[in-house]
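The values are calculated or read from the model by the stated rules, or taken from the named source; none is laboratory data. Being a predicted model, the structure only gives us computed values, none of them experimental. Note: ideal-geometry Cβ built from the backbone for every residue, glycine included; neighbour counts use all protein chains shown. Heads up: the accessible areas ignore ligands, DNA and RNA and are worked out on the full protein's heavy atoms, side chains in. Shrake-Rupley method; radii C 1.70, N 1.55, O 1.52, S 1.80 Å.
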Amino acid sequence: APPECPFCGEAAGRELELEEHVRARHGHLLGAPGTGNGEQLYECPMCSLTCTNIQILEEHVDLHLEEQNFSEGGNMRDLELAQQLQSEEDERQRSEEEKREREEFKKLQRQYGLDNSGGFKQQFLKNMEREVDRGRMQPFEYHKRKADMMESLASGIDDGRTKTSGVIEALCKYYQSENKDVRRVWLSAGVDHFHSSLGDRGWGCGYRNFQMLLSSLLQNSFYNDCLRDTTLIPSIPKIQSMIEDAWREGFDPHGASHFNNRLHGSKAWIGACEIYSLLTSLRIKCQIIDFHKPTGPMGTHPRLFEWILHYYSADNEGGAKVVCTSKPPIYLQHQGHSRTVVGIEEKKNKSLCLLLFDPGCSSQQMQKLLKQNSDGTGLRLLRKFVGNLKEKQYQIVAVDGVLSVEEKAARCRASQVLTSEKIP
């Protein structure tokens, strides 16, 4: 029988014809020429694809590697981009934080008068010009007050325009006839009231309170020796120079550095430490007492009231209802403001009430106290009960004598690490 094709079964005439038939019809099933049916296969190590040619496999693997390199490069670029974006965001936040800090610092400088915007003289002139522009001051008055101000600055003496005298005497007379609820009252030695003017409005309370304290000391012969060079009330710029003199003597270098050792020509606020340094430089014995936390319910400070009562009453025991003491007034400081304590009431129910001179009260308001009504309504201006003083912290500067030259030098050395006494 003629041979048949093993692939399709077709019969061939002879062997040679069958071989030609198979190669012609079914050669693709036999593999590449010369390989036979057992041709060499090559498997891709990355995707298991089978190739029959090593060159084809190499090209195929190269494509895999190029794709991988492209992918890894993309990931690297993404990481670098993310890091760059984060770095830019961090820098932006740092820049904004620095800007906020600069703005806050400038705000504090303005608030405390350390922004080099001028001092008493510049503010006085600017405010008077504003008053003229608004029709509240005539040009001739402007020129007169400017001349008076320039004379005051040249002499270093306060012009007295904001002073009210005689209030303590009027209070003493009122309490003699008051029969309602006051059991006893202690009053400071005579004190003149000084209020803020066009030149120091908004920042001058510390200086005005020093003027009040000094007005009482000048009326007490006990302090004549240490105040022989200060016989009249100094102006605010003069007080600034006096504090700078105290710093140059060595008092409170830490506090001086806060002001860059300069007050004159600025609107810098001063506080208890500056008052202490100035008084001590004048050989006036005083102390700072720090009521650093509330000692009563609802944030009140009953220990402050008790301390002040003891200050006035310790050397003034007796049965008199009204005690006009020889005690100087007390400088009272809290955050943002200061006032002067000029006396204390003890009510019939044993509660205490401070009497305060506030530099924020005008002369017109204080003048009303010189004509005190029998019902005492004008005293609302001065009276502060325990519930009225609820700041977190208070400091007082209390005068209690005169220092020798040696004691002054010792206090100067001690002030280089100045600390106040804290009431527990």
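Taking all protein chains as shown and a probe of 1.4 angstrom, W307 keeps an accessible surface of around 60 Å².
I want the local charge near F259. Using Cβ-Cβ distances under 11 Å, sum +1 for each Lys or Arg and -1 for each Asp or Glu among the other residues.
Working: positive: R262; negative: E244, D252, E274.
Neighbourhood net charge equals -2.
Normalised by residue number, the volume inside the convex hull of the Cα atoms of region 349-404 is 174 Å³ per residue.
Show R413, R383 ordered by accessible area, largest first, where the area counts protein heavy atoms only and the probe is 1.4 Å.
Result, largest first: R413, R383.
Were the residues from V417 through K99 laid out at 0.36 nm apart, the gain over their Cα-Cα distance would be 111.1 nm. Solvent exposure of C205, expressed as accessible area, is near 20 Å², computed with a probe of 1.4 Å over the protein chains only.
Checking every one of the trypsin sites (Lys or Arg not before Pro) in region 316-369 against DSSP loop status and a limit of 16 other Cβ atoms within 10 Å picks out K321, K348, K350. Rolling a 1.4 Å probe over the protein heavy atoms leaves E96 with an accessible area of roughly 80 Å². Residue ranges 292-298, 167-173, 133-139 sort as 167-173, 292-298, 133-139 when ordered by packing (mean number of other C-beta atoms within 10 Å per residue, highest first).
Converting phi to 3J(HN,Hα) with the Karplus coefficients 6.51, -1.76 and 1.60 and the offset θ = phi - 60°, region 325-336 yields 7, 9, 6, x, x, 10, 7, 10, 10, 9, 4, x Hz in sequence order, with x at every glycine or proline. With the simple model of a label 7 Å out from the Cα in the direction of the Cβ, T50 to R136 spans 10.4 nm. I'd like the FRET efficiency for R161 and K368, computed as 1/(1 + (r/R0)^6) with the beta carbon distance as r and R0 of 25 Å, rounded to 0.05. The pair R161/K368 has a calculated efficiency of 0.85.
Under the definition of Cα pairs under 8 Å and six or more residues apart, what whole-number percent is the relative contact order of region 277-424? The value is 42 percent.
What does the convex hull of the Cα atoms come to per residue for region 161-422, in Å³? Mind showing how you got there, number by number?
On the way: hull volume 32.5 nm³, N = 262.
Once divided by residue count, the hull of region 161-422 is 124 Å³.
As a calculated quantity, the FRET efficiency between L381 and S177 at R0 = 30 Å, using C-beta atoms, amounts to about 0.95.
Taking amide H positions as modeled 1.01 Å from N, with prolines and chain starts lacking one, the residues under 5 Å from C286 and 5 or more places away or on another chain are D400.
Counting Lys and Arg as +1 and Asp and Glu as -1, what is the net charge of the other residues whose Cβ lies under 10 Å from the Cβ of W186? Result for the neighbourhood of W186: 0.
Cβ-Cβ distance of E10 and E59, R₀ of 56 Å, FRET efficiency by 1/(1 + (r/R0)^6): the value works out to about 0.90. Cα centroid separation, region 184-244 to region 355-414: 12 Å.
Between H258 and E91, residue separation times 0.36 nm minus the direct Cα-Cα distance comes to 57.0 nm.
Summing +1 for each Lys or Arg and -1 for each Asp or Glu, what net charge is found among the other residues whose Cβ lies under 9 Å from the Cβ of M128? List each step's numbers first, then the result.
Details: positive: K126, R130, R145, K146; negative: E129, E131, E141.
After counting each charged neighbour, the total is +1.
Given Cα pairs under 8 Å that are at least 6 residues apart, what percent is the relative contact order of region 161-422? Mind showing how you got there, number by number?
Working: 467 pairs, mean separation 81.2, N = 262.
Once normalised by length, the contact order is 31 percent.
Rolling a 1.4 Å probe over the protein heavy atoms of region 161-422, with every protein chain left in place, gives an accessible area that is 49 percent carbon and sulfur.
Just by accessible area at a 1.4 angstrom probe, what is the order of L49, L263, L218 from largest to smallest?
Details: L49 80, L263 0, L218 50 Å².
Most to least solvent-accessible, the answer reads L49, L218, L263.
Under 1.5 on a/c is rounded, so check that first for region 288-370, then, if it is not, pick prolate when a/b is larger than b/c and oblate when it is not; a ≥ b ≥ c are the square roots of the alpha carbon gyration tensor eigenvalues. Kindly include the intermediate steps, with their values, before the conclusion.
On the way: a/c = 1.58, a/b = 1.01, b/c = 1.57.
Oblate, since a/c reaches 1.5 and b/c is not below a/b.
Counting only Cβ charges, +1 for Lys and Arg and -1 for Asp and Glu, the dipole size of region 107-224 around its Cα centre is about 320 debye. Of the residues F259, F140, ranked by 1.4 Å probe accessible area with the largest first, the sequence reads F140, F259. Evaluating 6.51 cos²θ - 1.76 cosθ + 1.60 at θ = phi - 60° for every residue in region 123-140, the Karplus couplings come out as 5, 4, 5, 4, 5, 5, 4, 5, 5, 5, 4, 8, x, 8, 9, 7, x, 5 Hz, glycine and proline recorded as x.
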